[in-house]
Amino acid sequence: MNCNSVVFGGVGIGSAAGISVRTTPENPSFNLNSPEAWDAFDAGGESSSGVSVSASSALEYSPWWRGVNLIARDVGKLPAHVYRRGADDAKERATEHPAYPLCRWKPNPYQSANVFRSQLTAHAVNQGNGYAAIERNRSTFAPLYLWPLDPDSVTPVLEDGKLVYVVESTPGQPVWKLAAMDVIHVKGLSHDGINGYATYDLARDELGLGIGARKFCEVFYRNAVRPSVVLESASNLTEPQIQKLRESWERLYTGVDNMHRTVVLPNGLKANPLSFSAQDAQIQQTREMSVRDVANWLGIPPHKLGDNSRTAYASLEQENQAYLDGCLDFWLCSWEYELRDKLLTEAEKNGDTHFVEFMREALVRANLESQGNYFRVATGGRGWMTPDEVRNKFNLPPMGGDAAELLTPKNMGQGGELNDPVIDGGNTTDGNDPGNQGRAIEAAGRAIVDAERRALKRLAVHATKAAKQPAAFLNWLDGIEAEHGPACREIVGPACEVAVALGTGDTPDATVAAMVATVREELLEVSGRVKAGELAGAVAQWAESRGIK
């Protein structure tokens, strides 16, 4: 970094006088009663299982690595944009803002935004804190680059009531002191609001148990004679003879390749196998429980770490939504608040004219059938999306014209045929009277609403019955279309066919498909947030909320 043309909050390189930094055993004030002091002698603290766990060794445990990597990777891959608030509170990308390329593409010449955010998020998830220094233009103070920092070398401290970050280099070298506004600090749960808890340290016992179980399996397969054996000799053996016998035995009969090999015992030797086995130790169950413990520590659904003993939802879309809501959204919000606070000007923050936001919808992608039903509802009825807005979601060019306008059906609200003064003022009574046509459309609409209500009641009644057997409820949802679709189409068919003949409404197939898909998605959400014993009551409450008693 060229410090002749940039500035870090006006704080340069120098000694850290008055700043509390890490001490060493050579320091006379080194406090041997402090738990932190003993960390200087050990790269990682010892867990209750006797296994030493550090920030780096924790990542060698595959479930922990998978969890940290999953969160870091997903935060890194989601696009982040700087937005400007436009008219009517609409948002538009502020591509000219100096922070925009740093958030969206490259925070520094050596890293992409994906790699940078993944790195800091991994530090924050594993060690509690992720840091990056902000390099600014000397004259405008606009952000130029974001440089990641080693979390082990950074100490946030309060100096004269102000937060500063002390960045240590190699021992005996000068120390950086950075103002708080010049450090991106992504942190997890914190006791004092300044330092995040080191998650690996809090989870030390669970990680030690998991690592210990893995090492046990390694030793078990290396010493494959179930799992060890005692050789008994009728005569006394000298120490060289014992050593030679042990080496010969281990060379011939240990290791996976030598399992079940025929044993030949010379000179009256007897082999006495020990009764201890991996099954007796229930090592597999221990390892499975350890995976669930890791999932709890990181807030990740267990199935994402390879535990398939229980899956809360029956669809990938629902699984991703639960993961986004329960785990990932916290880290995305942490990034958004920190980037807004450190990369926007005071005027932009005070006026709330700009903000930073991730595109969360890039993580949760519904299947094509669900997307089609959603966008059909979004653009029809009292729609809230135009066809061009839907096309924009799929990176398709706008069509313009009517595709840029919200649709108001003829039988709903102002602009429909019933509100046409010519129709309302018609005095003729023959079948071609437009007033009669308007009234027919209105009647067809009421018939459709009534038919849909009866079809929905059928689905709700059968869902309530199915919920009394929670173990089979998801299978019932999977077969809801095949079992109840034909009957529902018979219920709504006459009204829908009249509406289609009048030029409004959907076919019976489309109407029932949308209804069944909506009911299935809602009941999937209900089943995923309650326990098995609570499912029947939750489904009954859902039915009541839909007006079914």
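The values are calculated or read from the model by the stated rules, or taken from the named source; none is laboratory data. Keep in mind it's a predicted model, so treat the numbers as computed, not measured. As a convention, Cβ positions derive from the backbone with ideal geometry for all residues, glycine included, and neighbour counts pool all protein chains shown.
Numbers below:
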item: Check on GLU96, surrounded by fewer than 20 Cβ atoms within 10 Å (Cβ to Cβ), assigned to a strand (DSSP E or B) and free of Cβ contacts under 8 Å to residues at least 24 places away in the same chain; result: no
item: Meets criteria (buried (at least 22 other Cβ atoms within 10 Å of the Cβ), of a type outside the set (A, V, I, L, M, F, W, C), assigned by TED's automatic domain parsing to the domain that holds SER62 and in a loop (DSSP other than H, G, I, E, B)) for HIS123; result: no
item: Test: residue in the range 516-537 that is over 25 Å from GLN321 (Cα atoms) and either in contact (Cβ under 8 Å) with a residue 40 or more places away in the chain or crowded, with 18+ Cβ neighbours inside 10 Å (or both); result: no
item: Test: residue in the range 509-524 that is in contact with a Gly (Cβ under 7 Å, 6 or more places away or on another chain) and assigned to a helix (DSSP H, G or I); result: yes
item: Selection status of GLU348, part of a helix (DSSP H, G or I), surrounded by 15 or more Cβ atoms within 10 Å (Cβ to Cβ) and at pLDDT 90 or above; result: yes
item: Criterion (modelled with pLDDT under 85, among the small types (Gly, Ala, Ser) and under 18 Å from LYS465 (Cβ atoms)) met by exactly one of GLY485, GLY528, GLY533, GLY479; result: GLY533
item: Meets criteria (surrounded by fewer than 18 Cβ atoms within 10 Å (Cβ to Cβ), more than 30 Å from PRO301 (Cα to Cα), small (Gly, Ala, Ser) and in contact (Cβ under 8 Å) with a residue 12 or more places away in the chain) for GLY445; result: no
item: Checklist (1) modelled with pLDDT under 85; (2) more than 23 Å from GLN321 (Cα to Cα) applied to HIS462, failing item; result: (1)
item: Residue within the range 105-112 that is among the small types (Gly, Ala, Ser) and touching a residue at least 12 places away in the same chain (Cβ under 8 Å) present; result: no
item: Strands (runs of 3 or more DSSP E) completely within the range 126-185 that count 1 or more residues being farther than 24 Å from PRO98 by Cβ; result: 129-137, 154-159, 162-168, 175-179
item: Candidate set from the range 459-475 (those that are touching a residue at least 12 places away in the same chain (Cβ under 8 Å) and assigned to a loop (DSSP other than H, G, I, E, B)); member that is nearest to LEU524 (Cα to Cα); result: ALA467
item: Qualifying residue in the range 55-72 (condition: aliphatic (A, V, I, L, M), part of a loop (DSSP other than H, G, I, E, B) and modelled with pLDDT under 85); result: no
item: Long-range neighbours under 7 Å by Cβ, at least six apart or interchain, first residue more than 13 Å from ALA80 (Cα to Cα) within the range 353-374, second polar (S, T, N, Q) and at pLDDT below 75; result: VAL364/ASN320; VAL364/GLN321
item: Pairs, first in contact (Cβ under 8 Å) with a residue 60 or more places away in the chain in the range 476-489, second assigned to a helix (DSSP H, G or I) and of a type in the set (S, T, N, Q), C-beta under 8 Å, six or more apart; result: LEU477/SER527
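A quick yes/no check of all residues on (1) of a type in the set (Lys, Arg); (2) at positive phi; (3) over 39 Å from the mean Cα position of the chain (by Cα):
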{"site": "PRO470", "(1), (2), (3)": "no, no, no"}
{"site": "ILE480", "(1), (2), (3)": "no, no, no"}
{"site": "CYS488", "(1), (2), (3)": "no, no, no"}
{"site": "ALA501", "(1), (2), (3)": "no, no, yes"}
{"site": "ALA514", "(1), (2), (3)": "no, no, no"}
{"site": "LEU523", "(1), (2), (3)": "no, no, no"}
{"site": "ARG529", "(1), (2), (3)": "yes, no, no"}
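So that you can scan it fast, the table gives a plain yes or no per residue for (1) modelled with pLDDT under 75; (2) among the basic types (Lys, Arg):
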| position | (1), (2) |
| --- | --- |
| LYS244 | no, yes |
| THR254 | yes, no |
| VAL291 | no, no |
| PRO301 | no, no |
| GLY326 | no, no |
| GLU338 | no, no |
